[in-house]
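Rule-based calculations on the coordinates, nothing more; no lab input. Because the structure is a prediction, the values reported are computed rather than measured. Glycine gets a Cβ as well: all are built from the backbone with ideal geometry, and neighbour counts include every protein chain shown.
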């Protein structure tokens, strides 16, 4: 696994948080139109239908998917079913700023899970990078006023987002294990469809439980249809593909720092929608987050 950040890898790992920022905004915007777990089910079912014409061969009897179906069922459960379900539930019960703040713990979970379950050591540079990156996120969320953070209170949705961050960390580390059939790994659409198909099944099961426990009316219309189209194509297919490639190139720990760009992009998008101009703290936060990425990614280069 190459630890050096190339321009193409930087682009891949930046596109994913751009899409995720849009996903958070759209998910919050439609939380009164559709139940959160059903939203996740519809999103990934649509994504599966979009991918099907490009990679339907993955379901043939002689496909390399079937000998490895347990692995893809696990990837689909973690990366598609659980993570996104927890995220949409969090957006329904918690404020966007709290959800984004909790999600900023992603690099910490990446490092801890890597050290505890995958035998990866935590270096001093990665620790410094984590502090800088999270500092940049906090600067954005506080809008340049640190006293603003003192008024934040954790609610059930925040706890769901902590669980989501842990789930995503496990998913990202599993992507690095060389257990995928080479034929699937080389075919991006088949590799992605294998995960999405299992994830759609898991999401359907979760949506069935949600329907049995809580009946919320679905408000069908063009706003919901447009939201589904976006979250199925952008945050689902494009982001998952970019993240998967980036993680395979540089590893989950370094990639985890790029996830901290999500709240920065979310803040900029919110500012754009609200007609507010960017502030100086946005630029400072960007430098802190990027600085954390650069410092952490130089670990291997300095060791050689």
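For segment 7-303, the relative contact order comes to 42 percent (Cα pairs under 8 Å, sequence separation of at least 6). Placing pseudo-labels 7 Å out from each Cα toward the beta carbon at residue 33 and residue 52 gives an inter-label distance of 2.3 nm. Remark: 56, 282 ranked as 56, 282, counting other beta-carbon atoms within 10 Å and listing the fewest first.
For n ≥ 4 DSSP H runs only, could you compute -39500 (n - 2.57) per run for the chain, divide by its residues and tell me the 222 nm figure to the nearest 500? When only DSSP H runs of four or more count, the value is -23000 deg cm²/dmol.
Counting other beta carbons within 10 Å of each Cβ, put 151, 45, 296 in order, fewest first. Each step should come with its number before you reach the end.
On the way: 151 6, 45 20, 296 26.
Result, fewest neighbours first: 151, 45, 296.
Given segment 33-93, what whole percent of its Cα pairs are spread farther than 13 Å? Each step should come with its number before you reach the end.
On the way: 1250 of 1830 pairs.
I get 68 percent for the Cα pairs in segment 33-93 exceeding 13 Å.
So for 281, 83, fewest C-beta neighbours within 10 Å to most, what's the order? Walk me through the numbers on the way to the answer.
Numbers: 281 16, 83 22.
If I rank by nearby Cβ atoms, fewest first, I get 281, 83.
When each of the peptides 7-19, 238-250 is scored by the mean number of other C-beta atoms lying within 10 Å of its residues, the order from highest to lowest reads 238-250, 7-19.
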